[in-house]
Amino acid sequence: MTKTITILGSTGSIGDSTLDILARAQAGTYKVVALTANNNAEKLAAQAVKFKADFVALANPEKAGDLKRLLSGTGIEMGVGPQALIEAASRPADFTMAAIIGAAGLEPTLAAVQQGNHIGLANKECLVCAGETFMANVKAHGATLLPVDSEHNAIFQVLESDQPAGVRRLILTASGGPFREHSHEQLKSVTRENALNHPVWSMGAKITIDSATLMNKGLELIEASYLFDRPSSDIDVIVHPQSIIHSMVEYIDGSVLAQLGSPDMRTPIAYAMGWPKRINAPVQRLDFAKLSGLTFFEPDTGKFPALRLARQALETGGQAPTVLNAANEIAVAAFLDGQIAFLDIARSVEQTLEKAAADKAFLQAPKTVEMVVAVDQAAREISREILYMTAL
Ligand code: NDP
C-alpha cells in the first residue's frame, strides 16, 4: 500500500535525509502530499518536482514570485505565508515529518497532530516551548508521536512503555560537542566556524550550535520529560563522544537496554517512517571489531551552563521552558550573525529567565497555543533587550 507523506521543513538537514530514504524506496511505496520551507524557494521547487508533491508552502511571502515562476507549468499547487504551512500540515497524510527548526514549527506541527495520524517528531523546540499543550493535543486527536531525535528514538525503541513502574531512569547520551575538552578560557574565543564544526553529526546550523553549548541536550531533557512522561529526576545525561549508543533505559532489576547504531539520522528517520515495520536505511553498519572503544563522562555543567539552565527550567515548569527556548533561539541567531560571543549564549538565556521570572504568571504553564506564542514573543523581547541594550 502506498503511504502518503508530508515533510514540514523539507529543505533542511532532516528534510534531506527523509527524502533520501524516500528516493531509495521502491516505486509506489510513498506519495508526497506536501513539502514546506522558509526561504529556499529553489530547493523547495526542485524537491517538489522531483518527488511529484501535490502542494508546497513557503513561509516567507516575499519569495512568492520566485516560487510561482519555478513551479510554472508543473501543476503543483503552492501557498505562501504562515497559513500555507498550516494548509500543508492539514492535508491528509499517513505520515508527517515535523522538521521545521525552532518554535516556528509549533503551529504547523500541531496542525498535523490534529489530523490524528503518525508524526515523526524532529522539531524538539515545539515540544519544549509548548509541552503540556502539545501532548494534550496528541492525546485528544489520537496522533502517534514517533520521536526522530536519535536519543528519543533510541529510548522509544527500548522502552517497555506498558510497565512504567519497572523503569528506573532514562539515560540520554550526548556527544559533548566540539568543545568537550576546551577550558573555560578557550571557550571565550571560539568562533562561529569552530562551533559549526561538529565532530560526529552533520546537522543544520542552529542545532549544531546547540550541541556545542550543550543546550541541545538540555532541550532534549525537556523533550524526553514530556514525551515519556518522566520527571527531571528520572532522566540522566552522560557524555559519550563516539555517539554509538544513542540512549538507554535502566530498569529496576538492573537491566540497561540501549539502542546502538552509526551516527546517521537516516536510522531514526527510517524507524519513524516505517513504524511499526522496520525499513531499510542506507547507513554504515556497525563493525564491532573495529570500534575503538566506547567512553562515558559526566557532563560539565560548570563549563556548559546551558544544560543546567534547561534542567532548572524543566524543574521550575510554568513558562520557564518556553522562555528558555525563545531566549536560546535569539542568542544562537545572534551568535551565528557574529553579534555575540559563544559564552554570551548561555549567559543571556540565564538573564532572560531571571527577568521573566519577575512576572507573576511565570509559574503558570501556558495552556493554549496563543498563550505559548505570547510568552515566546515576550521572552524574545527580553532576550533582545539583554543582548543589544545591556553589557552582558
Ligand atoms: P535545518 O536548519 O537544516 O532546516 C530547517 C528547516 O526548517 C528548513 O526546511 C527551513 O527552510 C525551515 N524553516 C526554518 N525557519 C522556518 C520558519 N520560520 N518557518 C517555516 N520553516 C522554517 O534544521 P535541521 O534539519 O537540522 O533540524 C530540524 C529540526 O530537527 C530541529 O528542531 C532540530 O533540533 C531537529 N533535529 C535535527 C537533527 C539533525 O541531524 N539535523 C537531529 C535531531 C533533531 P529553509 O531551508 O527555507 O530555511
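The values are calculated or read from the model by the stated rules, or taken from the named source; none is laboratory data. Bear in mind the structure is a predicted one, so any value in this text is a computation, not a measurement. So basically every Cβ, Gly included, is an ideal-geometry build from the backbone, and we count neighbours across all protein chains shown.
Of everything in segment 79-92, what is closer than 13 Å to residue 109 by Cβ and either among the aliphatic types (A, V, I, L, M) or in a loop (DSSP other than H, G, I, E, B) (or both)? Give them in sequence order.
Listed by number, the residues that qualify are 85, 86, 88, 89.
Looking only at segment 79-110, count every residue that is within 14 Å of the ligand (Cβ to nearest atom) and of a type outside the set (A, V, I, L, M) and tell me the total.
Total meeting the criteria: 11.
Check segment 361-373 and report whether any residue there is among the hydroxyl-bearing types (Ser, Thr, Tyr) and under 30 Å from residue 264 (Cβ atoms).
Scanning segment 361-373, I find no residue that is among the hydroxyl-bearing types (Ser, Thr, Tyr) and under 30 Å from residue 264 (Cβ atoms), so the answer is no.
Looking only at segment 271-291, decide whether some residue is within 14 Å of the ligand (Cβ to nearest atom), charged (D, E, K, R) and closer than 26 Å to residue 144 by Cα.
No: zero hits.
In segment 210-228, how many residues are within 23 Å of residue 365 (Cβ to Cβ) and among the small types (Gly, Ala, Ser)?
Qualifying residue count, segment 210-228: 3.
What number of residues in segment 199-225 are within 11 Å of the ligand (Cβ to nearest atom) and within 26 Å of residue 132 (Cα to Cα)?
9
Got a sec? Which of 278, 347 is modelled with pLDDT of 95 or more, among the basic types (Lys, Arg) and assigned to a loop (DSSP other than H, G, I, E, B)?
Unique residue meeting the criteria: 278.
Only one of (1) surrounded by fewer than 23 Cβ atoms within 10 Å (Cβ to Cβ); (2) more than 21 Å from the chain's Cα centre (by Cα); (3) modelled with pLDDT of 95 or more is not met by residue 352, so which one is it?
The single condition residue 352 does not satisfy is (1).
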